[in-house]
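The values are calculated or read from the model by the stated rules, or taken from the named source; none is laboratory data. Everything numeric in this text was worked out from a predicted model, so none of it was measured. For neighbour counting, all protein chains shown are included, and Cβ atoms are generated from backbone atoms with ideal geometry for every residue, glycine included. These area figures cover heavy atoms from the full protein model, side chains too; ligands, DNA and RNA do not enter into them. Shrake-Rupley method; radii C 1.70, N 1.55, O 1.52, S 1.80 Å.
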Amino acid sequence: MLELDAISMCSDDSRKPYSSRCELMLDVTLRTLESDPDLKLCEGLRLIDATHRAISRLAPEAVPSFEANDLPRLRKILMERFGVSELPGGPVN
């Protein structure tokens, strides 16, 4: 069985707020941000935004957990990868 790192992204695994579909999407996003050799900063930002919107549609009850736990982690991965100290907060063109 595929082991998903997205599960460990939640601070409280006893109350997993995500469906398996959301967990898979978070795992793919995480792995892409970490290891896609052709990823550009703007693409990473768009990927994070798209993941946020998808979580909002698929599991609206999980949005607070995503915003509190997963969003900061995804942004941190992107900042470390590209050596920046902050990311824009608004939409990316």
Residue among S35, S56, S65 that alone is among the small types (G, A, S), modelled with pLDDT of 90 or more and closer than 17 Å to M79 by Cα: S35
Residue list for the stretch 39-82, restricted to those being in a loop (DSSP other than H, G, I, E, B) and open to solvent by 70 Å² or more (accessible area, probe 1.4 Å): K40
Residue in the stretch 8-25 that is modelled with the lowest pLDDT, counting only those that are part of a helix (DSSP H, G or I) and either touching a Ser or Thr at 6+ places or on another chain (Cβ under 8 Å) or among the acidic types (D, E) (or both): D13
